[in-house]
Amino acid sequence: MSLRKNLARIRRGEPVNYPLFLRQLPAAVAGRHTQLFRTEKVASNRWRVQCLDDSLLQRLESQAAVPEDRVAAAHQGDSHRAGTDKTYLLVYHGQLVDARPEVVCQSAQQTLQHFTPKPQVLVVENEQNFASPELMMAFTARCTGQPCDFSNTDVVLGAGNRITGTLSVAWLSGYDRVLCAFDYDLGGLRMFASLARRLGDKARFVQPAEWHEWELSFRQSPGSSKRFVSAIEQAEQLGFNELAGTFRRTGHFMEQEMLLDLATSELPDEQ
């Protein structure tokens, strides 16, 4: 439960999980909690809490409130708590007149773009891979066993997890199919899970049906055992048991830039 909801419960006189509430407070407040709050345990893991300084409760409520926009979030001390009201997407498509991708400007009121979308879109996480859209579409076609080229596909730069923003997801939802070419690591899996929750069956994670021919490309250190275990758990939750097994066998993640070492003709065949 969020700090905002716990504060609302306290304001209504309802019990809360007090240890959790303390972890959500600013350190300066949590360090003086015995002086600032009076508690009464009413059940297992439930305390009725009274704030002894109503002005403090008001300040905490103001800080925890969901900001209306980026400016309001900045006044609360963290502009990233709110999304932007505009987003810009770089897109390769079959109607380009030169090598530059098109810029799509998306807001809640309108979308500005000068091309007709194809039925499906390929989201490429990293900029270096995005700069080679034909290679990424060829890899996607090998993985899915279905055609993937500019006759039926647009290619958009995911720019890390920026593609999971509300406006970007709204734009992606206009496609029949959203193919996600992300890093094969915890971050990539979490991004896909986020998109899949909102796009449903439209979202598909681009990966080979068999991973054994790719295991030498798993070279990125997970960084910590916690991240490694979390990636395995996330892969299994998504039903990607082959990928989870590859994590276990190699002990590493795979960055999608590894694909750039391979010419299209050298991509391992999918059975």
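The values are calculated or read from the model by the stated rules, or taken from the named source; none is laboratory data. Since we're looking at a predicted model, the values are computed, not measured. With ideal geometry, Cβ positions are generated from the backbone for all residues, glycine too; neighbour counts draw on all protein chains shown. What goes into the accessible areas is simple: the full protein's heavy atoms, side chains included, and nothing from ligands, DNA or RNA. Shrake-Rupley method; radii C 1.70, N 1.55, O 1.52, S 1.80 Å.
Counting only residues that are open to solvent by less than 30 Å² (accessible area, probe 1.4 Å) and out of contact with any Pro (no Cβ under 7 Å at 6 or more places or on another chain), segment 209-229 holds 4 of them. Write out, first by first residue and then by second, each pair whose Cβ atoms fall under 8 Å of each other, whose residues are 6+ apart or on separate chains, and whose first residue, in segment 3-19, is within 9 Å of V49 (Cβ to Cβ) and touching a residue at least 12 places away in the same chain (Cβ under 8 Å) while the second is open to solvent by 60 Å² or more (accessible area, probe 1.4 Å) and part of a helix (DSSP H, G or I). From residues that are within 9 Å of V49 (Cβ to Cβ) and touching a residue at least 12 places away in the same chain (Cβ under 8 Å), the pairs are P15/R9; V16/R9.
Candidates A203, A244: the one that is over 23 Å from L135 (Cα atoms) and of a type in the set (A, V, I, L, M) is A244. Remark: pairs (first residue in segment 119-138, in contact (Cβ under 8 Å) with a residue 24 or more places away in the chain and under 9 Å from L260 (Cβ atoms); second residue in a helix (DSSP H, G or I) and among the polar types (S, T, N, Q); Cβ separation under 7 Å; 6+ apart in sequence or on different chains) = N129/Q256; L135/T264. So is K86 modelled with pLDDT of 95 or more, charged (D, E, K, R) and in contact with a strand residue (DSSP E or B) (Cβ under 8 Å, 6 or more places away or on another chain) or not? So K86 fails the test.
Among residues of segment 235-253 being open to solvent by 30 Å² or more (accessible area, probe 1.4 Å) and part of a helix (DSSP H, G or I), the one that is nearest to F139 (Cα to Cα) is E242. Selection of segment 127-142 for residues being open to solvent by less than 20 Å² (accessible area, probe 1.4 Å) and touching an Asp or Glu at 6+ places or on another chain (Cβ under 9 Å) yields N129, M137.
Whether a residue is within 20 Å of E242 (Cα to Cα), open to solvent by less than 20 Å² (accessible area, probe 1.4 Å), of a type in the set (G, A, S) and modelled with pLDDT of 95 or more was assessed, and G158 does not pass this test.
Confirm whether F205 is open to solvent by less than 50 Å² (accessible area, probe 1.4 Å) and more than 30 Å from S173 (Cα to Cα).
Details: open to solvent by less than 50 Å² (accessible area, probe 1.4 Å): yes; more than 30 Å from S173 (Cα to Cα): no.
Judged against the criteria, F205 is not a match.
Those strands (runs of 3 or more DSSP E) of segment 82-173 in which at least 1 residues are among the hydroxyl-bearing types (S, T, Y), considering only elements entirely within it, cover 86-92, 102-107, 153-157.
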